[in-house]
There are 2 protein chains.
Amino acid sequence: MKAMNQKIDNRLELRNIRPTAMRQLVYDVLDKNKKALSLYEIEQQFEDVDRSTIFRTLKTFQDNYLIHSIDDGTGAVKYALCDEECTCQPDDLHIHFLCTKCGQTNCLKNMPVPKMDLPQGFSFESANFVIKGICSICRK
Amino acid sequence: MKAMNQKIDNRLELRNIRPTAMRQLVYDVLDKNKKALSLYEIEQQFEDVDRSTIFRTLKTFQDNYLIHSIDDGTGAVKYALCDEECTCQPDDLHIHFLCTKCGQTNCLKNMPVPKMDLPQGFSFESANFVIKGICSICRK
DNA sequence: GTAACTTTGCAATACTGTTGCACAATCTTT
DNA sequence: AAAGATTGTGCAACAGTATTGCAAAGTTAC
Ligand SMILES: [Mn+2]
Ligand SMILES: [Mn+2]
Ligand SMILES: [Zn+2]
Ligand SMILES: [Zn+2]
């Protein structure tokens, strides 16, 4: 237990985020679930934590590149941990997969968002590439 | 005027949509603006039309492949006319571009969504690929 | 220990999307 | 043309998600 908290604290401090109890808990939830979670889903995993606190925790995490957000079209933005070296730059972008059966959204971290040649005069800043279909678990 | 209404009526009837006054108007707005529009933006272009009527009009249009929807991450879904031959199948999917300066979302109809090899066990149904950056107008 | 700063909880609000229901319009049948 | 069936529209209410103001609690710096 101590070791795990130590590990979480390190991850937070590497991103210049003060490791409060709340933040440790939210980080832990995102770490244990191996998929992207919405604010509501995170809230469900606690007994008595205020939504706005989680909301601001996620905002802090995102501002410091500890997590990234995914808009998968379900209406709720989802969040997932970034890799250790991630700075949420174009090269860090990857495709996400939304299963239309179970509703889970997963990072496809080994599938980078392909670089496209934009029409003349357009410049690239960022991208959101979500593929919808049936995931390997639901497929079985 | 008559000619235009005739053209609109044809487009609607080709999709098995009865051409009511409301539907002609909404189609016309989508046709004249050369970009994707949100429900709210469409509502703004009328004096006294109910939002739920526009909402249901858009739903009818989308159910019949007259328009497609884009979730560009701004919080509001946007809608744009489909091409005449479109059936909103994987081959009809194209990339969309959201300008972070002017907020406009455009169809890049000559940029199909690239087909990606998914991990074992995943199947493809649909995709949403939105690129964010500066558009050619704002770039000038 | 006190002051300054940060984090949290609560409540209220904004924004977008969606539905129930009654009335109006249109179509179908006689 | 009238009656009945179907479809479309307007209004109001509601649902779901995101966001903010403010005061209290906690933490850090001096
Ligand atoms: Mn991801
Ligand atoms: Mn489009
Ligand atoms: Zn699944
Ligand atoms: Zn622009």
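Just so you know, all these numbers are worked out from the coordinates, no wet-lab data involved. A quick note: this is a predicted structure, and the numbers were derived from the prediction, not measured. Heads up, the Cβs are rebuilt from the backbone with ideal geometry, glycines too, and the neighbour counts pull from every protein chain shown.
The set of residues from the range A:53-98 being over 23 Å from A:Leu25 (Cβ atoms) and either aliphatic (A, V, I, L, M) or away from every other protein chain (no Cβ under 14 Å) (or both) comprises A:Glu85, A:Thr87, A:Asp91, A:Asp92, A:Leu93, A:Ile95, A:Leu98.
Scanning the range A:20-62 for residues that are aromatic (Phe, Trp, Tyr) and more than 16 Å from the chain's Cα centre (by Cα) gives a single hit, A:Phe46. Hey, any hits in the range A:126-135 for a residue that's in a strand (DSSP E or B), more than 8 Å from chain B (Cβ to nearest Cβ) and over 19 Å from A:Leu30 (Cα atoms)? No, the conditions are met nowhere in the range A:126-135. The helices (runs of 4 or more DSSP H) found wholly in the range A:2-82 and carrying at least 1 residues that are more than 23 Å from A:Asn106 (Cβ to Cβ) occupy A:2-14, A:21-32, A:51-63.
Residues of the range A:109-125 that are at the interface with another protein chain (Cβ under 7 Å from one of its Cβ atoms) and under 21 Å from the mean Cα position of the chain (by Cα): A:Met111, A:Pro114, A:Glu125.
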